[in-house]
1. Please work out the average accessible area per residue across the chain, using the 1.4 Å probe convention, and give it in Å².
2. More than 15 angstrom separation, counting every C-alpha pair in segment 44-86; what % is that?
3. Report the label-to-label distance for S15 and S49 in nanometres (one decimal), using points 7 Å from each Cα along the Cα→Cβ vector.
4. What distance in nm lies between label points placed 7 Å from Cα along the C-beta direction at T31 and A74?
5. If you take the charge dipole of the chain about its Cα centre, with +1 on Lys and Arg Cβ and -1 on Asp and Glu Cβ, which of T75, H29, V9 is farthest toward its positive end?
6. Largest first, please: the extent of the C-alpha atoms of the chain along each principal axis, to the nearest Å.
7. Per DSSP H run of at least 4 residues, take -39500 (n - 2.57); add these up for the chain, divide by its residues and hand me the 222 nm value, nearest 500 deg cm²/dmol.
Amino acid sequence: MYLHIGQSVLVPFESVLGVFDLDNSSWSHRTRSFLEKAEKEGRVVNAASDLPRSFVLCREGERSTVYLSQLSTATLKGRLEGNGLE
């Protein structure tokens with residue numbers, strides 16, 4: 001199954017490591033540093049047409065990718081618990 005995170009971007013359920021609220025988690029300097037490093041390494045995919053509200057961390061082989069999404073964490077959680085394609 002796949003999780004639709006916005007802008008026609010789908011990620012496999014089994015690759016999702018976590019879904020994080022961008023406003024709450026970016027208060028931490030560690031999260032900000034992680035996101036900045038991922039951006040510099042080209043591991044960030046912007047799947048938001050507007051301001052991102054959350055990010056989805058996925059593991060793809062030996063590499064992790066950060067997907068920015070305009071969807072709320074509640075919406076993404078519901079999609080993970082449901083069929084994913086709503």
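The values are calculated or read from the model by the stated rules, or taken from the named source; none is laboratory data. Worth saying up front: this structure is predicted, and the values here are computed from it rather than measured. Because the Cβ atoms are built from the backbone with ideal geometry, glycine has one as well, and the counts that use them run over all protein chains shown. Protein only, heavy atoms only, side chains kept; ligands, DNA and RNA dropped before computing areas. Shrake-Rupley method; radii C 1.70, N 1.55, O 1.52, S 1.80 Å.
1. Value for the chain: 64 Å² per residue.
2. 48
3. 2.3
4. Roughly 1.7 nm, to one decimal.
5. The listed residue farthest towards the positive side: H29.
6. In descending order, the Cα extents are 34, 28, 21 Å.
7. It lands at -8000 deg cm²/dmol.
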